[in-house]
Amino acid sequence: MPARMSQVIANNRFFNSPFLLLLAVYLAFFTTPANSQTPLSKQPVVQSHNVFPECENRLSDQLDVSENLCLRLIYQGDPLIKPRQIIQWTDRYFLIADMGGWVSGKGIIWLFDRVELEFKPVLTGLKVPHGLVRFGSDQIIIGERHQISRIRLNSSFDVIETEVLLSRNDFGSHKHPLSALILDADKNLILNFGAPSDQCDHSLIEGECFERKEFAQVRRYLYDPVLDRWTDEYQVLGFGLRNSMALAVHQSGTVLQAENGMDFDRVHSPFETLNELDVDKDFGWPYCHSQLQTNALWKHNKVCSGYDAPVALLPPHGAPLSMIYYQSEKISLLTGRLIIPLHSYQKPGHRVLALTVNERGLPIINPEQKYQYSSPEGDQLYRSFPVARGADFDYLISDLRMKNALSVSGIIEATDGSIYMLDDINKSIFQLDLP
């Protein structure tokens, strides 16, 4: 057996099934030509069309996938380091923003060939890149911790032009420095400015959180098609938002944000929230959480009745890092629904939700909705949402059996109607599709 394959099998958490282990050994011996050595960047841990010829719904006994869907492991391992966002460039090629870890200067934009399973670095030396969107036929917009840039590529994926659109404050103590961004139908740039702290507790003595003036907000920069640039002035679509990593625009024009709530030392609080963004709304961070409940840290300073309420609640400590409205007719049970992966290592995390929405893209409320979480013994338990404000959703991927079995950081709808997902903890690319 090739040394690389034996090491991957020995160390990888997806190979806990004896059947899969034996099958992987068989594939390693009989599918690698003699005297050949596959380049490191072309070695997936396993190709699911080999392991699951009929596309079984269960992936290595670690999690459950909806019986109507199939989860394929497309790629896992080096050279990926911490992949965060993915966009499709052509039917064959994807671009991936890889943070490279939390050390500045290690970030990479990869070109991924899904046919040959090859990677090519397009940009290197980036400062923890996260945001990545396509602009036009030959440009991308990248969000680093210190700036937003527009990059023009040629047909060989070489960089031919770079333009810094916006500079951001870059200081080491910032707790939420990543740049999440999306474009609306008018090409306006919608950009996250995360809160530097968790609960702004250093401002308690002043009775006011001054971080809210420049941070903990989502801004919209208007696009001028004549000048082909974005204005320096901006509109704040939501104050009091701790960390807006998951943003989505519905075809109706609704702008939705999924909040990463404060780090309370409780399993079932605070709840993540879904918020409809609009000019000058204020959702109350750090004074409020969940359904406008007052943060005990600020209870002597603030009341929450005057702030904007979320449109729905999500499972607590879920840490949504991306979300999409699924538009294709291919997977009909998902058409029009809002797909939200929960990235968190916490007990309700490591799952993928499909929400029902109305004609404006806002979540439908289900007073009877329950969310799933894992007990210390690994049992799957269910609990109701408070004040009957839970979003109506189904679990597409659930029933976690091992910590860190699935940590989705990025998600897109591919041109073939399947859903591609990145896992930044396991350095993986998954495809969710029909069986």
**Report entry** Which numbered condition Tyr345 misses (of (1) outside any strand (DSSP E or B); (2) under 25 Å from Ser384 (Cβ atoms); (3) touching a strand residue (DSSP E or B) at 6+ places or on another chain (Cβ under 9 Å))
**Finding:** (3)
Report task. Please report, ordered by residue number, the strands (runs of 3 or more DSSP E) entirely within region 369-429 with at least 3 residues that are under 29 Å from Ala180 (Cα atoms) and under 20 Å from the mean Cα position of the chain (by Cα). Result -> 370-374, 393-398, 408-413, 419-423
Requested in this report: Could you figure out which of (1) crowded, with 21+ Cβ neighbours inside 10 Å; (2) β-branched (Val, Ile, Thr); (3) more than 16 Å from Leu314 (Cβ to Cβ) isn't true of Thr415?
Outcome: (1)
Requested in this report: Quickly run through region 261-276 and pick out the residues that are part of a strand (DSSP E or B) and out of contact with any Phe, Trp or Tyr (no Cβ under 9 Å at 6 or more places or on another chain).
Outcome: Arg266, Ser269, Glu272, Leu274, Glu276
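Conditions (1) hydrophobic (A, V, I, L, M, F, W, C); (2) in contact (Cβ under 8 Å) with a residue 60 or more places away in the chain; (3) out of contact with any Phe, Trp or Tyr (no Cβ under 8 Å at 6 or more places or on another chain), marked per residue:
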position: Gly349; (1), (2), (3): no, no, yes
position: Thr356; (1), (2), (3): no, no, no
position: Ser374; (1), (2), (3): no, no, yes
position: Leu381; (1), (2), (3): yes, no, no
Query raised in the report: Within region 154-187, restricting attention to residues that are surrounded by fewer than 15 Cβ atoms within 10 Å (Cβ to Cβ) and among the hydroxyl-bearing types (Ser, Thr, Tyr), which residue is farthest from Ile412 (Cα to Cα)?
Result: Ser173
Query raised in the report: Taking interchain pairs and intrachain pairs at least six residues apart, which have beta carbon atoms under 7 angstrom, with the first residue in region 68-96 and acidic (Asp, Glu) and the second surrounded by fewer than 19 Cβ atoms within 10 Å (Cβ to Cβ) and part of a loop (DSSP other than H, G, I, E, B)?
Result: Asp91/Thr415
Requested in this report: Assess whether Leu111 counts as being closer than 17 Å to Lys187 by Cα and either of a type in the set (Phe, Trp, Tyr) or at pLDDT 95 or above (or both).
Outcome: no
Requested in this report: With the checklist (1) among the aromatic types (Phe, Trp, Tyr); (2) crowded, with 17+ Cβ neighbours inside 10 Å; (3) at pLDDT below 95 in hand, flag the one item Tyr326 doesn't pass.
Outcome: (3)
Report task. Go through region 277-310 and give me each residue that's more than 24 Å from Arg360 (Cβ to Cβ) and part of a loop (DSSP other than H, G, I, E, B). Result -> Trp285, Pro286, Tyr287, Asn295, Lys299, His300, Asn301, Lys302, Val303, Cys304, Ser305, Gly306
Requested in this report: Would you be able to tell me the number of residues in region 122-145 that are free of Cβ contacts under 8 Å to residues at least 40 places away in the same chain and either touching a strand residue (DSSP E or B) at 6+ places or on another chain (Cβ under 6 Å) or in a strand (DSSP E or B) (or both)?
Outcome: 8
Query - All positions within region 348-366 that are in a loop (DSSP other than H, G, I, E, B) and modelled with pLDDT of 95 or more - result: Thr356, Asn358, Glu359, Arg360, Gly361, Leu362, Ile364, Asn366
Report summary line: Leu227 passes all but one of the listed conditions (1) in contact with a strand residue (DSSP E or B) (Cβ under 8 Å, 6 or more places away or on another chain); (2) surrounded by fewer than 24 Cβ atoms within 10 Å (Cβ to Cβ); the exception is number (1)
**Report entry** Which listed residue, of Leu313, Leu333, Leu321, is touching a residue at least 40 places away in the same chain (Cβ under 8 Å), assigned to a strand (DSSP E or B) and within 30 Å of Ile425 (Cα to Cα)
**Finding:** Leu313
**Report entry** Test: residue in region 257-280 that is touching a Ser or Thr at 6+ places or on another chain (Cβ under 8 Å), aliphatic (A, V, I, L, M) and under 24 Å from Ile190 (Cα atoms)
**Finding:** yes
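The values are calculated or read from the model by the stated rules, or taken from the named source; none is laboratory data. Remember, it's a predicted structure, so these values are computed and weren't measured experimentally. Please note: Cβ atoms are built from the backbone with ideal geometry, for glycine as well, and neighbour counts cover all protein chains shown.
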